[in-house]
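Asks: Questions regarding the structure given below will be posed in turn.
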Amino acid sequence: MCGIVGFTGRQSAAPVLLDGLKKLEYRGYDSAGIAVMDNGTISVNKVRGRIASLCEKTGDGASVPGFTGIGHTRWATHGAPTEENAHPHLSNDGRFAVVHNGIIENYIVLREELIRDGYRFQSETDTEVIVHLIEMYYAGNVRDALIKTANRLRGSYALGVICSEEPGKIYAVREASPLILGIGMDENFFASDVTALVNHTRNVVYLEDGEFAELSGNDIRIFDCSGREISKKVSRITWDVQAAEKGGYDHFMLKEIMEQPAAVRATVAPRIKDGKVDFEELAGLVPELPDVSKIVITACGSAYYAGCAGKYALERLCRIPVETQLASELRYSDPLIDSRTLLIVISQSGETADTIAALRECRARGAKTLAVVNVVGSSVASLADYTVYTRAGPEIAVATTKGYTTQIAVLYMLAVFFAERLGRLDDAPELVEELQALPRRIQQAIDMNPSVPALARKYHESRALFFIGRNTDYAVALEGALKMKEISYIHAEAYAAGELKHGTIALIEEHCPVIALCCNPSVMEKTLSNIVEVKSRGAEVLALPFRDNRRILSAADDLLFIPDADALFSPVIEIVPLQLLAYYVAKANGCDIDKPKNLAKSVTVE
Ligand code: AGP
């Protein structure tokens with residue numbers, strides 16, 4: 001995933017571009033560059049490394065004249081992170097510059113054709129074929145050249161383009177990668193997401209796949225892939241700039257953990273009307289529910305683990321079989337999906353390549369598709385038949401927290417909503433009260449555990465950690481282990497507690513930390529026996545029970561408390577102390593918490 005920005009107006013472009021790129025650095029940060037037009041010439045500045053290096057090279061943009069430009073921050077996919085491979089890429093004649101987020105799947109064939117036609121390549125990237133195609137097709141009209149170029153491309157692309165023959169104009173093209181236009185006062189923008197725009201404007205237009213935009217300082221024109229001009233709705237960004245900043249916390253991740261009560265409230269509350277769960281956006285799906293023979297949940301990473309947690313509530317309340325399948329597996333599994341399948345696809349960014357591919361595969365097989373996403377206008381949202389937005393607000397930290405908990409909250413609400421519409425719910429009021437109590441209980445789970453930093457100092461030098469649980473607790477163990485791995489770099493393994501004796505218990509040795517989730521009464525005795533098993537082999541057990549569970553209190557070495565709740569909905573609460581534990585362990589180890597090594601916020605490549 002990469003971040004692109006564009007600006008045209010009456011102020012110096014370079015500082016505006018650099019400011020926008022800083023806000024997008026979480027999307028990829030191994031190289032960066034800007035291209036600015038001045039007096040009919042395009043100047044390009046690129047660096048390997050972070051935006052800070054680009055700011056240093058350009059004097060924070062002061063050394064780059066011009067009022068029109070584009071910029072890019074990169075997460076390498078084709079070609080190593082080098083200055084040559086950094087965007088923007090220039091055409092051979094120097095008249096065009098291009099920035100790109102996405103992947104051109106047919107770039108090898110195009111590259112060979114262009115080289116045969118005499119074009120010289122400066123980089124190893126897939127992107128560079130775009131700028132040479134534009135030069136090749138340009139016959140005096142940039143928009144026409146862009147349309148012809150787009151017709152040759154296969155894959156995903158959000159493009160920003162400038163042409164020295166058209167001073168004061170920037171062009172944007174969207175296909176399967178996010179791209180948003182910002183409308184200012186005598187200035188206009190584009191960016192990969194709104195965090196790069198809110199400092200300048202709150203009025204935005206979400207481009208959709210196959211759309212082209214031509215922006216000048218006082219005008220925005222949008223066209224479809226046939227070149228016909230179209231009109232688009234202007235949306236207003238409601239959250240403030242601070243929402244996308246750290247807000248006084250050391251890291252975005254801690255801020256976003258603490259935002260979870262508010263995020264879950266923003267996700268749940270608007271959908272509770274007259275004591276019932278109501279999804280207006282699903283009105284068209286309700287008549288089809290009785291025909292649904294199975295639900296398949298697909299996603300990647302934490303979004304997949306959110307699906308694992310929500311599965312229990314959907315099955316228990318709707319009495320419909322629910323399968324959870326990793327998107328990267330589902331897309332190649334020749335899945336048994338048909339028109340009686342409801343596919344629930346979960347994605348915070350809405351841009352995860354495997355998730356998009358699995359969604360396309362299931363759509364092609366006739367499934368009804370329902371997206372649970374956080375980013376408005378994202379590719380997953382555009383592709384699904386129905387979309388339910390989580391309302392977590394911008395999530396900047398690479399390791400998701402509020403994105404994950406709001407996803408589970410939506411799944412719980414879907415379970416109640418579907419069951420009620422299917423006439424299979426006889427305790428709706430109690431369940432709705434439980435849903436409305438979730439924000440309060442998440443806050444309690446934060447407040448009840450001031451010992452987390454001390455526990456983190458006890459465990460932060462561990463070689464490995466085991467997370468165990470049964471049923472709904474096992475789903476929490478999966479996400480707890482991932483959080484620990486991806487930000488502290490300590491090996492952590494989630495295990496169904498009942499499986500330990502089938503091999504893994506061989507790894508339990510003196511002082512080996514085992515984190516036991518113990519919030520499901522139906523399997524409590526069994527989990528307790530697993531705690532005893534590992535302790536008898538020398539393990540140190542950190543247990544997470546409901547606060548008044550005396551049996552567990554006496555068996556474990558350390559405790560983190562979970563406020564009493566309906567066990568069916570407790571995973572969205574249990575995960576919070578584990579998020580904090582992973583955060584403080586990573587902090588104790590001096591890790592780059594918001595931008596862990598090798599990771600990006602959204603994996604838009606296979
Ligand atoms: C979560 O902490 C990870 N960064 C990762 O597993 C993430 O959940 C996964 O890549 C899916 O992303 P998405 O929700 O944006 O599709």
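What follows draws every value from the coordinates through simple rules; no lab data is involved. Values in this document were obtained by computation on a predicted structure and should not be read as measured data. A quick note on method: Cβ atoms are made from the backbone with ideal geometry, for glycine too, and the neighbour counts reach across all protein chains shown.
Asks: Give or take rounding to whole Å, what are the principal axis extents of the alpha carbon atoms in the range 168-257, in descending order?
Replies: Largest first, the range 168-257 extends 48, 29, 21 Å along its Cα principal axes.
Asks: Find the Rg to Rh ratio for the range 35-103, where Rh is the Kirkwood radius over alpha-carbon pairs and Rg uses the same atoms.
Replies: Taking Rh as the inverse mean 1/r over Cα pairs, Rg/Rh reads 0.95.
Asks: Quick one: P(r) of the range 440-573 from all Cα-Cα pairs, 5 Å bins, percents rounded to integers, in order of increasing distance.
Replies: Final binned percentages: 2, 11, 22, 26, 23, 13, 4, 0, 0.
Asks: Where the Cα atoms of the range 79-220 are projected onto their three principal axes, how long is each span, largest first, in whole Å?
Replies: Projected onto the principal axes, the Cα atoms of the range 79-220 cover 45, 31, 28 Å.
Asks: Rounded to whole Å, give me the distance from the Cα center of the range 532-606 to that of the range 416-438.
Replies: 28 Å
Asks: Bins of 20 Å, beginning at zero and ending with the bin holding the largest distance: percent of Cα pairs per bin for the chain, please.
Replies: 20, 49, 27, 4
Asks: Based on the mean of other beta carbon atoms within 10 Å per residue, what is the order of 210-217, 31-38, most packed first?
Replies: On the way: 210-217: 21.0, 31-38: 27.9.
So the order, starting with the most tightly packed, is 31-38, 210-217.
Asks: Let me ask another. If you count, for each residue, the other Cβ atoms within 10 Å and average over each peptide, how do 196-204, 268-276 line up from highest to lowest? Walk me through the numbers before you get to the answer.
Replies: On the way: 196-204: 20.6, 268-276: 13.7.
Ranked by mean Cβ neighbours within 10 Å, highest first: 196-204, 268-276.
Asks: How large is the translational diffusion coefficient of the range 1-138 in µm² per second when you combine the Kirkwood radius over alpha carbon pairs with Stokes-Einstein at 20 °C and 1.002 mPa s?
Replies: Rounded to a whole number, D works out at 145 µm²/s.
Asks: Cross-link list 57/233; 273/526; 368/601; 402/587; 23/402: which exceed 31 angstrom alpha carbon to alpha carbon?
Replies: Too far apart for the 31 Å limit: 57/233; 273/526.
Asks: Test of understanding: express the Cα radius of gyration of the range 262-395 as a ratio to 2.2 N^0.38 Å, with N the residue count.
Replies: 0.99
Asks: A further question follows. Decide, for the range 376-423, between rounded, prolate and oblate: order the square roots of the alpha carbon gyration tensor eigenvalues as a ≥ b ≥ c, take rounded if a/c falls under 1.5, and otherwise choose prolate if a/b is larger than b/c, else oblate.
Replies: In terms of gyration-tensor shape, oblate.
Asks: Right, another one. Starting from the exponent 0.38 and prefactor 2.2 Å, build the expected Rg for the range 349-431 from its residue count and divide its actual Cα Rg by it. Don't jump to the answer; show the numbers that get you there.
Replies: Working: Rg = 14.5 Å, N = 83, 2.2 N^0.38 = 11.8 Å.
With N residues counted in the range 349-431, Rg over 2.2 N^0.38 Å equals 1.23.
Asks: In whole Hz, what ³J(HN,Hα) sequence does the range 594-606 give by Karplus (6.51, -1.76, 1.60; θ = phi - 60°), x for Gly and Pro?
Replies: Rounded to whole hertz, the list is 7, 10, x, 4, 6, 10, 9, 5, 9, 8, 8, 10, 5.
Asks: Continuing with this model, one more query. Please compute the Kirkwood hydrodynamic radius of the range 372-517 from all pairs of different C-alpha atoms, in Å with one decimal.
Replies: Working: mean 1/r = 0.0553 Å⁻¹.
One over the average 1/r among Cα pairs gives 18.1 Å for the range 372-517.
Asks: How would you order 59-72, 104-117 from highest to lowest mean count of nearby Cβ atoms within 10 Å?
Replies: Working: 59-72: 21.5, 104-117: 14.9.
The packing order, highest mean first, is 59-72, 104-117.
Asks: Same structure again: If you wrap the range 1-62's Cα atoms in a convex hull and average its projection over all directions, what's the area in nm²?
Replies: 4.0 nm²
Asks: While we're on this one: Note the per residue figure in Å³ for the convex hull of the C-alpha positions in the range 268-322.
Replies: 114 Å³
Asks: Rounded to whole Å, give me the distance from the Cα center of the range 1-40 to that of the range 143-182.
Replies: The two parts, judged by their Cα centres, are 16 Å apart.
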